[in-house]
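To start, the structure under review is shown below, and the notes come after it.
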Amino acid sequence: MSEIDYDLLTRPFPREAIRQRKGANGNYINYVEAHTVIRRLIEATGNDFSFRVLGIDIQDGLVMATVELELAGSKRQHVGTQRMNGGNDDDCVKAAISDAIKKCATLFGVALELYGTDYQPAPAPAPRPAQTAPQNAPQGNNGGGNGGGYRRPNQVRTGFRPLQSQA
């Protein structure tokens, strides 16, 4: 397998490649068309990727396609869906497969920018000031023992056994 250009694979799509559709709850959803995602996969992998359809299921007018996408030996699986609307069933199956491929590609980082900032790491918290022991806190006993007030727990957990009392 050839090397993957991860910078290209995960690069945000230009504005003109992004489409919108109305979602089930009335909000607009941003998406990238399947052929655009496939073109990105071809360019980033040197056309060295594969996918396979693991299953097609149709229930209550909903087509569900389970697809596995492989890039550089790594595999990701996802399910795509398409509502049947009285048209050609084959077109609905192809649309569900295309949806699953796009969803698999997001698991490799393709088009994640369309999902908002929830996947980006939060900024690191500010460092906390160093804590100092209060003036009257025990400082240990320098002679062994349990070191200034620390008590050993009465219960010890070993393996997968239930907690047992120490004798």
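General observations
- Checked against the criteria, A72 does not count as under 15 Å from K102 (Cα atoms) and either touching a residue at least 40 places away in the same chain (Cβ under 8 Å) or among the small types (G, A, S) (or both).
- For R21, the conditions (1) of a type in the set (D, E, K, R); (2) in a loop (DSSP other than H, G, I, E, B); (3) modelled with pLDDT under 95 are fulfilled apart from (2).
- Just so you know, in segment 1-58 the residues that are more than 21 Å from Q77 (Cα to Cα) and β-branched (V, I, T) include one that is surrounded by the fewest Cβ atoms within 10 Å (Cβ to Cβ), and it is I29.
- When residues in segment 66-107 are screened for being among the hydrophobic types (A, V, I, L, M, F, W, C), at pLDDT 95 or above, under 27 Å from S2 (Cβ atoms) and in contact with a helix residue (DSSP H, G or I) (Cβ under 9 Å, 6 or more places away or on another chain), 6 of them pass.
- Pairs linking a residue in segment 41-62 that is of a type in the set (S, T, Y) to a residue that is assigned to a strand (DSSP E or B), with Cβ atoms under 9 Å and 6 or more positions apart or on different chains, are T45/L71; S50/E68; S50/L69; S50/E70; S50/L71.
- Enumeration of residues in segment 54-101 that are in a strand (DSSP E or B) and either within 26 Å of L8 (Cβ to Cβ) or of a type in the set (F, W, Y) (or both): V67, E68, L69, E70, L71, S74, K75, R76, Q77, H78, G80
- Summed over segment 69-87, the residues that are exposed (fewer than 11 other Cβ atoms within 10 Å of the Cβ) and under 26 Å from A24 (Cα atoms) give a count of 3.
- Residue list for segment 3-16, filter: within 23 Å of the chain's Cα centre (by Cα) and outside any loop (DSSP other than H, G, I, E, B): Y6, D7, L8, L9
The values are calculated or read from the model by the stated rules, or taken from the named source; none is laboratory data. In this text the structure is predicted, and so the values were computed from the model without any measurement. When we count neighbours, we look across all protein chains shown, and the Cβ atoms used for this are built from the backbone with ideal geometry, even at glycine.
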